[in-house]
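What follows is a short report on a single structure.
The values are calculated or read from the model by the stated rules, or taken from the named source; none is laboratory data. Keep in mind that this is a model prediction, so the values were computed, not measured. Only protein heavy atoms, including side chains, enter the accessible area calculation; ligands, DNA and RNA are left aside. Shrake-Rupley method; radii C 1.70, N 1.55, O 1.52, S 1.80 Å.
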Amino acid sequence: SASGGAMAEGEGLLSVDYEVSGKVQGVFFRKYTQGEAKRLGLVGWVQNTSHGTVRGQMQGPADRVRELQEWLRKVGSPQSRISRADFSNEKKIAALEHKDFQILK
């Protein structure tokens with residue numbers, strides 16, 4: 001479409017769910033994830049689970065989604081210890097389903 005800006009270019013938009021295991025609670029993991037997602041221009045959410053993992057959803061340009069996936073696999077917050085990052089429900093979307101990237105309680 002002529003009105004679609006930079007977001008519409010390239011590979012289009014992706015939505016991916018994620019869950020990160022390891023020492024990821026109580027180490028500001030959600031805050032850092034939110035910061036990284038916003039830096040990359042992604043939308044979605046992140047929250048702690050009752051079983052000690054952090055999970056959420058990310059949406060945005062495919063190349064940026066890949067960057068955050070890599071960050072969740074290898075970097076995380078400074079004091080976190082990531083043992084595993086699982087990604088699921090990857091799909092192409094026509095439009096973003098979130099307004100920003102939120103930390104959910």
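Details
- For the chain, the per residue solvent-accessible surface stands at 59 Å², with DNA, RNA and ligands left out and a 1.4 Å probe.
- Sulfur and carbon atoms: percent of accessible area, region 13-103 [1.4 Å]: 45
- Under-26-angstrom lysine pairs by C-alpha in the chain, whenever the two are 8 or more apart or on separate chains: 18
- Full extension of the segment from F87 to D17, taken as 0.36 nm per residue of separation minus the current Cα-Cα distance, would add 24.6 nm.
- Sequence-ordered 3J(HN,Hα) estimates for region 71-85 from the Karplus curve with 6.51, -1.76 and 1.60 and θ = phi - 60° stand at 5, 5, 6, 10, 10, x, 7, x, 9, 7, 10, 8, 9, 7, 10 Hz, glycine and proline given as x.
- Here the gap between Q47 and Q102, fully extended at 0.36 nm per residue and compared with their Cα-Cα distance, gives a gain of 18.9 nm.
- Counted residue by residue at 0.36 nm each, then reduced by the alpha carbon distance between them, the extension gain from D63 to Q79 reaches 3.1 nm.
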